[in-house]
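Computed from the coordinates by the stated procedures, all read-outs in this text should not be read as laboratory data. As the structure is a computational prediction, the values presented were derived from the model and not from experiment. Note: ideal-geometry Cβ built from the backbone for every residue, glycine included; neighbour counts use all protein chains shown.
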Amino acid sequence: MKRREVIKGLGLSFGAMLLAPSAMSLLHSCTKETGPIWEPVFFSKNQVQFLNKITDIILPKTSDTPSATEVNVPQFIDKFANEVMEAEQQDILKQGFSNFCNKLLKSSEKEDLDDIQIEGIEPLLAEALKKTKEEDKMLWETYNESVKNESSISDEVANYVALSNIRGLCIFAYKSTEYIGEEVLVYRPVPGKQEGCIDLSETGGKAYSL
């Protein structure tokens with residue numbers, strides 16, 4: 001399935017958890033920022049360049065859709081982590097993201113993240129995120145149990161939780177931007193009539209814009 005078709009069919013899923021004024025306000029503020037260079041508030045400058053590459057791996061540029069960085073998805077993730085996440089969530093995100101960066105540096109035999117190209121990141125990112133439903137459930141249950149008991153979290157669990165959250169935030173921010181909402185998804189300005197259940201076959205398989 002082509003990437004454009006996948007984006008058109010994206011449901012709310014992770015995004016439904018983020019539809020709070022704080023998340024939408026951050027998203028709108030990020031769309032005003034332009035250019036590849038920006039000042040991070042949660043990640044380090046070195047990590048941000050790496051975050052840019054990860055988001056563009058998840059949602060790359062195609063002939064008819066922009067990449068994640070072109071609609072300022074990394075800026076949103078950085079601000080969301082800093083302003084919306086709880087302290088415990090921030091700690092896990094930092095732990096998992098740093099672990100993944102170190103693992104990648106070791107496997108690539110590089111000393112700086114900037115020296116690692118997207119082609120060198122893709123295999124490890126795919127390996128870290130490609131889990132069966134059973135593995136996904138087990139990892140999240142382990143994470144939730146550790147948080148509940150205030151016990152330490154293994155690198156494997158931290159890596160998966162951190163990268164899963166980044167992937168979820170990436171998709172949410174991308175499909176919620178003005179351009180994607182109006183040009184790729186089905187856009188219907190508010191107010192409009194209420195229709196409870198609509199078969200996506202009526203919209204050509206496209207999900208509705210938020």
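Applying a DSSP loop filter and a limit of 14 other Cβ atoms within 10 Å to the GluC sites (Glu not before Pro) in region 50-114 leaves Glu86, Glu109, Glu111. For the cross-link pairs Lys45/Lys110; Lys110/Lys133; Lys130/Lys175; Lys79/Lys133; Lys94/Lys148; Lys94/Lys133, which exceed 28 Å when the distance is taken from alpha carbon to alpha carbon? Checking Cα-Cα distances, Lys110/Lys133; Lys79/Lys133 exceed 28 Å. This ranking places Leu139, Leu129, Leu59 by how few other beta-carbon atoms lie within 10 Å of each, fewest first, which gives Leu129, Leu139, Leu59. Quick check on region 40-94: take the gyration tensor over C-alpha atoms, sort the square-rooted eigenvalues as a ≥ b ≥ c, and tell me if it's rounded (a/c under 1.5), prolate or oblate. Note, shape of region 40-94 comes out prolate.
Put in line by how crowded their Cβ is, counting other Cβ atoms within 10 Å and starting with the fewest, Ser154, Ser146 read Ser154, Ser146.
For region 49-190, rounded, prolate or oblate, judged on the Cα gyration tensor with a ≥ b ≥ c (square roots of eigenvalues), a/c < 1.5 rounded, else prolate if a/b > b/c? In terms of gyration-tensor shape, oblate.
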